[in-house]
Amino acid sequence: MFQEVIIALSEGFLKTLQIFFITLVGALPLGLIIAFGSMSRFRPIRSVMRAIVWVIRGTPLMLQLIAIFYGPGMLLGYNIWGTGNFGRNAAVAVAFIINYACYFSEIYRGGIESIPRGQYEAGQVLGMTRPQIFFKVVLAQVVKRIVPPMSNEIITLVKDTALARIILVYEVIWAGQTFIKKAGVIWPLFFTAIYYLLFNGLLTILFWYIEKKLDYYRG
Amino acid sequence: MALLDIKNIHKSFGGTEVLRGIGFSMEKGDVVAIIGSSGSGKTTLLRCINFLETPDSGSISIDGGEIFNAEKSYTDAEIRKNRLNFGMVFQSFNLFPQYTALKNVMLAQQLSISRGLPRSEKEKELERIRERSLSLLNAVGLEDRAGAYPCELSGGQQQRVAIARALAMNPAILCFDEPTSALDPELTREVLRVIKELKTKGMTMIVVTHEMEFARNVADRVIFMSDGVIEEDGAPEAVFGSPISPKTRAFLSRPEL
Ligand SMILES: Nc1ncnc2c1ncn2[C@@H]1O[C@H](COP(=O)(O)OP(=O)(O)OP(=O)(O)O)[C@@H](O)[C@H]1O
Ligand SMILES: [Mg+2]
């Protein structure tokens, strides 16, 4: 029995990891684009980006998942996601990437806006170009400042992956839940916590290491 | 011909005119101290000279060549090139915290190495920049702190690194905006000593300062600004000894001096 549970949960957790990594790969860069958009000097872009961020951060991810998976079918009359597992996974990826990109964008924006104007001006009077100032002066300082809030958000993401089950994606919680019906036991469901704890422990160590690496200077 | 010639600079923020027609010129090797009460527009003037603000009207010439005229428009590249005539030392140092003192001095020079250079040439160039930067740190008395990060340096040391960094781009004129007002008296002295040494080497400088002793003893010329205009402009003995304008007199007889 124990072995059977471990196999099922591990399979579910692989899906959890898949959602996690795909979300990161998509949302980390997309968040930067949204952050630049929401700081744009061109007002319409800025307004649109900030409205998107407001809607996405202002509504539950669970609703967004449902809207993205079922919405197109209801509006267009046919299901763009198809009927297979691939479509479900794609819908999960889209919903998670958009959602997390919005959260990341606000962290990036906060980080970029927290850099004192004097840093830009010091670069300017030395004849640096705008890209040089961003990449050689500002970026490293932004990264240092956003590591703590980013690690928070990323650890939240690990747990948010459980929401994928709302559109029938077989992740670890669902894997645990099946044993209630199938075998009449509830402990496999609680046992999933071990997976989350171990993985988040790993992430915590990783972020601690990164913070330490960046600790060679203050300011 | 004057090294720097500034004509009729006006600058407003919103509805308030902060600079109301500033003009002066200076020769190579001159050290000009700018004094004046808070809000009189001293910082704004330096920022205009360094292209951090764009004047609403007026012009700036170097060696007779006009590098700025409010009537004309300039590309980013032109502004970058023109502003390299000037160096700027800020009140709050503005060192790059993630780089060592040496790297702070090297960075802008390094970025100006042309991309097309072959690798071996680039390395030679980099080595030359390192040598040069070390000797600049040496000139401000910090060769032994080259590897230190700004957070590991005292305020006075940070400001001296900032001076070396500004010198690295070979400006014709070095501008200081209250370089010592964030420092306590002892650290102030070490920074002022560096500025004095630069003067003996012939550096042309504009120093906005609240240090009246320094203005009196080091500057060749003192400009007193009030409400966005130059109220008095002359040799230190004249401005401090027998000021013409009543506003200058009132300023110099403030009880806190
Ligand atoms: N970016 C800006 N926007 C609006 N007003 C500004 C701006 N910069 C400066 N001012 C205003 O312009 C006036 C002159 O400011 P400035 O900083 O040039 O004075 P200052 O002579 O350097 O004063 P201090 O001795 O306090 O440094 C002040 O009233 C200030 O509030
Ligand atoms: Mg000022």
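Of note:
- Note on the range A:2-216: Rg/Rh from C-alpha atoms, Kirkwood Rh, equals 1.06.
- Counting Cβ atoms of other protein chains within 10 Å of each residue's Cβ and taking the mean over peptide B:82-93 gives 2.
- Residue mean of other protein chain beta carbons inside 10 Å, A:114-124: 4
- Separation of alpha-carbon centers, the range A:1-54 and the range A:57-92, rounded to whole Å: 15 Å
- Inter-site label distance for A:LYS213 and A:GLU11 at 7 Å from Cα along Cβ, in nm: 3.6 nm
- Residue-averaged beta-carbon neighbours from other chains (10 angstrom radius) around A:126-132: 6
- Antiparallel content of DSSP bridges confined to the protein assembly as shown, in %, to 5: 55 percent
- Rel. contact order, % - alpha carbon contacts under 8 angstrom, at least six apart, chain A: 29 percent
- Rounded tilt (10° steps) of B:155-167 against the dominant C-alpha axis of chain B: 80 degrees
- Pairs from the list B:LYS7/B:LYS81; A:LYS144/B:LYS42; B:LYS81/B:LYS199; B:LYS42/B:LYS124; A:LYS136/A:LYS212 with a Cα-Cα gap above 30 Å: A:LYS144/B:LYS42; B:LYS42/B:LYS124.
- Buried accessible surface for the B/A pair, both sides summed and rounded to the nearest 100, is 2100 Å² with a 1.4 Å probe.
- Contact order normalised by residue count of chain B, Cα under 8 Å, 6+ apart, percent: 26 percent
- Listed residues A:ILE173, A:ILE52, A:ILE98, most fluctuating in chain A (Gaussian network, C-alpha, under 10 Å): A:ILE52
- Where the protein assembly as shown is the region considered: accessible area per residue in Å², 1.4 Å probe: 49 Å²
- Percent RCO, i.e. relative contact order, over the range A:78-153, from Cα pairs under 8 Å lying at least 6 residues apart: 33 percent
- The helix-based estimate of mean residue ellipticity at 222 nm for chain B, built from -39,500 (n - 2.57) per DSSP H run of four or more residues and divided by its residue count, is -11000 deg cm²/dmol to the nearest 500.
- Dipole of the protein assembly as shown [Lys/Arg +1, Asp/Glu -1 at C-beta], most positive-end residue of A:ASN79, A:VAL94, B:THR54: A:ASN79
The values are calculated or read from the model by the stated rules, or taken from the named source; none is laboratory data. Since we're looking at a predicted model, the values are computed, not measured. Cβ sites come from the backbone with ideal geometry, for glycine too, and all protein chains shown count toward neighbours. Keep in mind that these areas ignore ligands, DNA and RNA; they rest on the heavy atoms of the full protein, side chains included. Shrake-Rupley method; radii C 1.70, N 1.55, O 1.52, S 1.80 Å.
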